[in-house]
Amino acid sequence: MKQFTVRTNARSEMIDITDRIRILLKESRIKSGVCHVFVPHTTAAVTINENADPDVPLDILMELEKIVPFSDHYRHVEGNSAAHIKASMLGASETVFIENGELVLGTWQSIFFCEFDGPRTRKVIVLIQ
Ligand code: ZN
């Protein structure tokens, strides 16, 4: 099991972490298997989506904000309920297949770390087997 940190710069942000996972995959020398990516946080998530147009992650964040507004008479006293809800909507993990030592992703797919309560320094755990 490996891990790395992600420094986020905004309250909500999607950061492409595919290349950082590819480095760990190379180091592992595993040619065929699965790669699990897990975010050990309750106000952050991981998702797979388009890497070509940077407006796609921005649109995702914009629409999530409409569905789950930052302020909405939430009960949670910490004041970050919207971040908790968005994190659960997108989920804490993704699994990607490995073939010929490469992640099996579509041409336009990347793995994104999703921050919903930043800026912070976050952790990403990767298990390659
Ligand atoms: Zn909280």
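Rounded to the nearest 20, the size of the Cβ-charge dipole of region 72-124 about its Cα centre is 220 debye, with Lys and Arg at +1 and Asp and Glu at -1. Each other residue within a Cβ distance under 15 Å of ASN100 adds +1 if Lys or Arg and -1 if Asp or Glu, for a net charge of +2. When the residues MET89, MET1 are ordered by accessible surface, computed with a 1.4 Å probe over the protein chains alone, the sequence from largest down reads MET1, MET89.
Proximity of backbone amide H atoms, modeled 1.01 Å from N, is registered between SER12 and GLY118 at under 5 Å, excluding neighbours fewer than 5 places apart on the same chain.
For the set PHE112, PHE70, PHE97, the ranking by accessible area, highest first and with no ligand, DNA or RNA atoms included, is PHE97, PHE70, PHE112 under a 1.4 Å probe.
Couplings 3J(HN,Hα) of region 91-99, computed from phi: x, 9, 8, 9, 10, 10, 6, 10, 9 Hz, in residue order, whole Hz [Karplus 6.51 cos²θ - 1.76 cosθ + 1.60, θ = phi - 60°; x for Gly and Pro]. Counting heavy atoms of the protein chains alone, GLU13 has an accessible area of about 40 Å² for a 1.4 Å probe.
Structure remark: mean-square fluctuation, Gaussian network model of the chain, C-alpha springs under 10 Å; the largest value among ASN80, ASN100, ASN49 belongs to ASN100. Among residues other than ALA45 with Cβ under 15 Å from its Cβ, the summed charge is -2 (Lys and Arg +1, Asp and Glu -1). The charge dipole of region 2-128, taken about its Cα centre with unit charges on the Cβ atoms of Lys, Arg (+1), Asp and Glu (-1) only, comes to about 660 debye.
Restricting attention to the chain, the count of lysine pairs at 8 or more positions apart or across chains with alpha carbons under 30 Å apart stands at 9. Calculated [222 nm] ellipticity per residue, helices only, for the chain: -8000 deg cm²/dmol; basis is -39500 (n - 2.57) per DSSP H run with n ≥ 4, divided by all residues, nearest 500.
Please report the net charge: other residues with Cβ closer than 13 Å to the Cβ of ASN80, K and R +1, D and E -1. Walk me through the intermediate numbers first.
Details: positive: ARG11, ARG75, LYS86, ARG120; negative: ASP72, GLU78, GLU115, ASP117.
Once all neighbours under 13 Å are counted, the net charge is 0.
Sort region 2-128 into rounded, prolate or oblate with this rule: let a ≥ b ≥ c be the square roots of the eigenvalues of the Cα gyration tensor; rounded if a/c is under 1.5, and if a/c is not under 1.5, prolate when a/b is larger than b/c, oblate otherwise. Since a/c reaches 1.5 and a/b is larger than b/c, the shape of region 2-128 is classed as prolate. Surface composition of the chain: carbon plus sulfur atoms hold 53% of the accessible area, using a 1.4 angstrom probe and ignoring ligands, DNA and RNA.
The values are calculated or read from the model by the stated rules, or taken from the named source; none is laboratory data. For clarity, every value in this text was computed on a predicted model and none was experimentally measured. Cβ sites come from the backbone with ideal geometry, for glycine too, and all protein chains shown count toward neighbours. Each accessible area value is taken on the protein alone, full model and side chains, heavy atoms only, with ligands, DNA and RNA left out. Shrake-Rupley method; radii C 1.70, N 1.55, O 1.52, S 1.80 Å.
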